[in-house]
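**Q** Have a look at this one before I ask anything.
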Amino acid sequence: MEKLNKTEDMISSINQSIFFEEFTYSENNFRTSIDNQELQLADSVVWLEDILFIIQIKDRNLKNVKDSESEENWFKSKVIKKASWQINKTISFLNSYSDITITNERGHKFCISEAPKDNIKKIIIYTSSDKLPVNRRLEKFYESSKAGFIHLFNSIDYKWICKILVTPTEIDDYLSFREQINTNYAKHINKLPEQAILGQFLSGNFDEIPEYDFIKYLEQLEDDSNEFSLFHIIEKFPEKIEFEPFTHSYYMIIKELAKLTRAELKLFKERFDASWKQCNSSKLIFPFRFVVPRNNIGFIIIPIPNGHKNEAKNALKNFTQAHKYDQRTKKCIGASIAKDKDDYIILWEFLEADWKYDQYWEDKLKNNSPLSKVKSKELTLYRFKKNNNY
């Protein structure tokens, strides 16, 4: 593999952090099954179920910068023309070959041809010199006759977007918003910095005309990342999950966690941390649970009383099934946490099946339910500092 340039290395690191190593691909050479020809996809690909990003990266060699005219020529030739051609080529490959297998950052191989192609986000990220004319720097899109709508990002802007929108779902939603607002107000957004567009997205005022004043929402956004960050759980997730070797079965769990918004992740973290603390007690308490209706999935975290670690597996199985049936979800993720001397044992369960009536669970949950009540709650996605004037 060729050595990554500075911008490629930065984008690869950002994508792995946001989209996880499991869903990020930067080693994108592949061979065709027909004639064994070696071909290459775009510089970076992100694939998380129905989220598919095709990213092409251009890094300016600062030694070649002379003046604003040469910088603009580089932008038109490399960023617009060549990068969009490379994105179009990638889309053509995905449509032409049914068995393109590439390796993610975990070293696992998957057939990227199976990814859905009806909502591909096409992105060009570039690093230029400060001599690039301002009007070029403010360009946010390029409409390719072949590849269609392509997002343009200066690498610094992309870095900050990912720092603010720290979940795959939020970034995907932002790109959809960005595309829609360009359709409605193209003349406005290319006069504004990226921060104003991001601020409007955070505000939730999607139908208003973009304006510079929306930056105030970005400036007043509260940093609550510590409330929903699952880094301490995710970091060594593969090593902590016991599944059949080489099946990558833990992907089923981490995929569902990656699809949550920050507000939903906060619910998960609150319940996970509460269960963790309860494991130090010998008192039996209800499991902590919640449901994400938009994904048709339930989550349940079971604290195992201190001294009862041998019951963790059976409790996990029963409570996960009970929660799934009680809430009538298609999918359910359970985790049981038990104290083992000075360490902790975490077991995971993933269930997926259409809900069906079951007399056993009807009787069990009606007569002596082991579950606490689930209450409906409207979640706030973004919080702003209280001293704002809007």
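Since every read-out is calculated from the coordinates, none of them should be taken as a lab result. Quick caveat: nothing in here was measured; it's all calculated off a predicted structure. Ideal geometry is used to build each Cβ from the backbone, glycine not excepted, and the neighbour counts take in all protein chains shown.
**Q** Taking the chain as the reference, fit the longest principal axis to its C-alpha atoms, fit the long axis of helix 262-278 to the helix C-alpha atoms, and give the angle between the two in degrees, 0 to 90, nearest 10.
**A** Helix 262-278 and the main axis of the chain meet at about 40 degrees.
**Q** Still on this model: I want to check the label-to-label distance for residue 95 and residue 380. Put each point 7 Å from Cα in the C-beta direction and report it in nm to one decimal.
**A** Label-label distance for residue 95 and residue 380, simple model: 4.6 nm.
**Q** To the nearest 10 degrees, how steeply does helix 83-96 sit against the main Cα axis of the chain, on a 0 to 90 scale?
**A** For helix 83-96, the angle is close to 50 degrees.
**Q** Name the residues of region 182-222 whose amide N is less than 17 Å from a point 7 angstrom out from the Cα of residue 166 along the C-beta direction?
**A** Counting backbone N atoms under 17 Å from the label point, the list is 202, 218-222.
**Q** Using only the Cα atoms of the chain, each taken as one equal point scatterer with no solvent, compute I(q) by the Debye sum, divide by I(0), and report log10 of the ratio at q = 0.07, 0.08, 0.09 Å⁻¹.
**A** -0.39, -0.51, -0.64
**Q** Where does the chain land at 222 nm, in deg cm²/dmol rounded to the nearest 500, when only DSSP H runs of n ≥ 4 count, each adding -39500 (n - 2.57), divided by all residues?
**A** -11000 deg cm²/dmol
**Q** To check you understand DSSP bridge types, tell me what percent of the beta bridges within region 6-186 (both residues inside) are antiparallel, rounded to 5.
**A** The antiparallel fraction comes to roughly 60 percent.
**Q** Out of all DSSP beta bridges in region 86-188, what portion is antiparallel? Express it as a percent rounded to 5.
**A** If we restrict to bridges inside region 86-188, about 65 percent are antiparallel.
**Q** Can you tell me which of 35-45, 84-94, 374-384 comes out highest on packing, and rank the rest after it, using the mean Cβ neighbours within 10 Å?
**A** Sorting 35-45, 84-94, 374-384 by mean packing, highest first, produces 84-94, 35-45, 374-384.
**Q** Would you work out the charge dipole size for the chain about its Cα centre, treating the Cβ of every Lys and Arg as +1 and the Cβ of every Asp and Glu as -1, and quote it to the nearest 20 debye?
**A** Roughly 460 debye for the chain.
**Q** Going by alpha carbons, how many degrees (0 to 90, nearest 10) lie between the helix axis of 359-368 and the longest principal axis of the chain?
**A** 70
**Q** Do the alpha carbons of any pairs in 283/385; 89/259; 269/364; 330/366 sit beyond 32 Å of each other, and which pairs?
**A** Cα-Cα > 32 Å for 283/385; rest within.
**Q** Oh, and also: Step through the table entries 81/131; 339/377; 117/331, compare each Cα-Cα distance with 26 Å, and write down the pairs that go over it.
**A** Long pairs (Cα-Cα over 26 Å): 339/377.
**Q** Continuing with the same structure: Translational diffusion coefficient, Stokes-Einstein: compute it for region 1-101 using the Kirkwood radius over C-alpha pairs as Rh, at 20 °C and 1.002 mPa s, and state it as an integer in µm² s⁻¹.
**A** 142
**Q** Short version: ³J(HN,Hα) in whole Hz for each residue of region 216-228, in order, from phi by Karplus 6.51 cos²θ - 1.76 cosθ + 1.60 (θ = phi - 60°), x for Gly and Pro, what are they?
**A** 4, 5, 5, 5, 9, 5, 7, 8, 10, 4, 5, 7, 10
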